[in-house]
Every structure is written in structure tokens, then in C-alpha cells.
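Trainee: Quick one: structure below, then a few questions.
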Amino acid sequence: MLKKGLSLLTTLFLVLVIALTAFLFIGKMNGGKTTLFGNEIMVVLSGSMAPTFNTGSIVAVKPMKFEEVKKGDIVTFKNEDNLTVTHRVMEINNGKLITKGDANNGNDSIPVTADRLIGQVQYSVPFIGYLIDFIQSKVGMLVFLGIPGIYLIVSQIWKLFKLMKEAEAPAN
């Protein structure tokens, strides 16, 4: 019973690892954009939105029309240096968004225009971003694809040897 339970847990773990790795690998092939149910998944790289979400969290960003943005929304946009930023809308002034990170003292210096808006944050999940960053690295790909792959190969060879040994054993 314990052996079957352990085998089931191992299988579930391997399926989860392979699915997560495939999900991230497909995202990497799509120009680095990983999407889930129409939301782009992004890793939070700074603490500017703490405590709402911290470094290492992931945020799910849903595309939205500029006209739909309201004061208080948390939006993701490209800044003047073409870096992706996620901040809260403090006000809308002359068709531009005045944004600020929750942990920052002042508003962002350059307002967000419609052409730089990516979307609105739908939800965040803490700490998963660290795992995603690791999996997307070369070492992470090796760990999350190589080790389960080696395990699957070795376990199948082991089962094959057991079957061959049982077939060679004299029948009583």
C-alpha cells in the first residue's frame, strides 16, 4: 500500500514538474510572454508595490482599454526606458495616468500614455516568481527537465531488468 502511494505521489510530482516546465518553456518560445487564461504572467522584480505584492511574486496582467482604467487600479506599463513597471493609478490627468508604487514616497515622474499601457493586474501569487525565474534559467531547465527525465529512464530500465529477472527465474 505504501509502495503504491509513493509511486502515485512520484508520478503526480513528475507530471506537475513537466507541465510547469512545458508551460514556462512555451512562454519562452513566445518571446518571453507566458500567458494563462488570457492573463500575461509576470515576475515582480522590485519592492515598489510592497506590501500589496513583494519581490518574487507573480502578477497576472489582463489587457485592458486605456479608457477603462480608473483611479486606484493597479496597472502594468512600459516606462520611458521600455522597462515593464506595475504601479497603482493615483489620478488621471489630461488623458494620462499618474502612477505610484505603493512603497514609493512620490508619484512616478513621467505619466503613462495609452500606447504604453499593457493591462491591469488581476491577482498576484507570492514567491512563485523565484521558482519561475529559476526554472527559466539554464540550471533550472537542467534540474526541472534533466533530473525527472533521468529518473524516468532509470526507473524504466529498472522495471525492465526486474521483468527479465522474473522471466529467467525457474517456475516452481
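Trainee: Being farther than 28 Å from F37 by Cβ, touching a residue at least 24 places away in the same chain (Cβ under 8 Å) and of a type outside the set (D, E, K, R) narrows it down to one of I153, I110, I118, so name that one.
Mentor: I110
Trainee: OK, next. What's the number of the condition S109 fails, among (1) among the small types (G, A, S); (2) open to solvent by 80 Å² or more (accessible area, probe 1.4 Å); (3) within 23 Å of the chain's Cα centre (by Cα)?
Mentor: The number of the failed condition is (3).
Trainee: Also: So for the stretch 88-100 (the condition being surrounded by 13 or more Cβ atoms within 10 Å (Cβ to Cβ), in contact with a His (Cβ under 7 Å, 6 or more places away or on another chain) and not hydrophobic (A, V, I, L, M, F, W, C)), does at least one residue qualify?
Mentor: Yes, the stretch 88-100 contains a residue that is surrounded by 13 or more Cβ atoms within 10 Å (Cβ to Cβ), in contact with a His (Cβ under 7 Å, 6 or more places away or on another chain) and not hydrophobic (A, V, I, L, M, F, W, C).
Okay, residues lined up against (1) among the charged types (D, E, K, R); (2) in a helix (DSSP H, G or I); (3) in contact with a Pro (Cβ under 8 Å, 6 or more places away or on another chain):
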| position | (1), (2), (3) |
| --- | --- |
| M42 | no, no, no |
| F53 | no, no, yes |
| G72 | no, no, no |
| T76 | no, no, no |
| D81 | yes, no, no |
| R88 | yes, no, no |
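Trainee: Within the stretch 147-171, how many residues are open to solvent by 100 Å² or more (accessible area, probe 1.4 Å), part of a helix (DSSP H, G or I) and farther than 15 Å from S7 by Cβ?
Mentor: 8
Trainee: Which condition breaks for T76 when tested against (1) over 24 Å from G106 (Cβ atoms); (2) out of contact with any Phe, Trp or Tyr (no Cβ under 6 Å at 6 or more places or on another chain); (3) modelled with pLDDT of 95 or more?
Mentor: Result: T76 fails condition (1) only.
Trainee: Further, regarding this structure: Out of everything in the stretch 112-131 that is within 16 Å of K70 (Cβ to Cβ) and of a type in the set (A, V, I, L, M), what residue ends up being surrounded by the most Cβ atoms within 10 Å (Cβ to Cβ)?
Mentor: V112
The values are calculated or read from the model by the stated rules, or taken from the named source; none is laboratory data. Quantities reported herein were computed from a predicted structural model and do not represent experimental measurements. Cβ sites come from the backbone with ideal geometry, for glycine too, and all protein chains shown count toward neighbours. Calculation scope for accessible area: heavy atoms of the full protein, side chains included, ligands and nucleic acids excluded. Shrake-Rupley method; radii C 1.70, N 1.55, O 1.52, S 1.80 Å.
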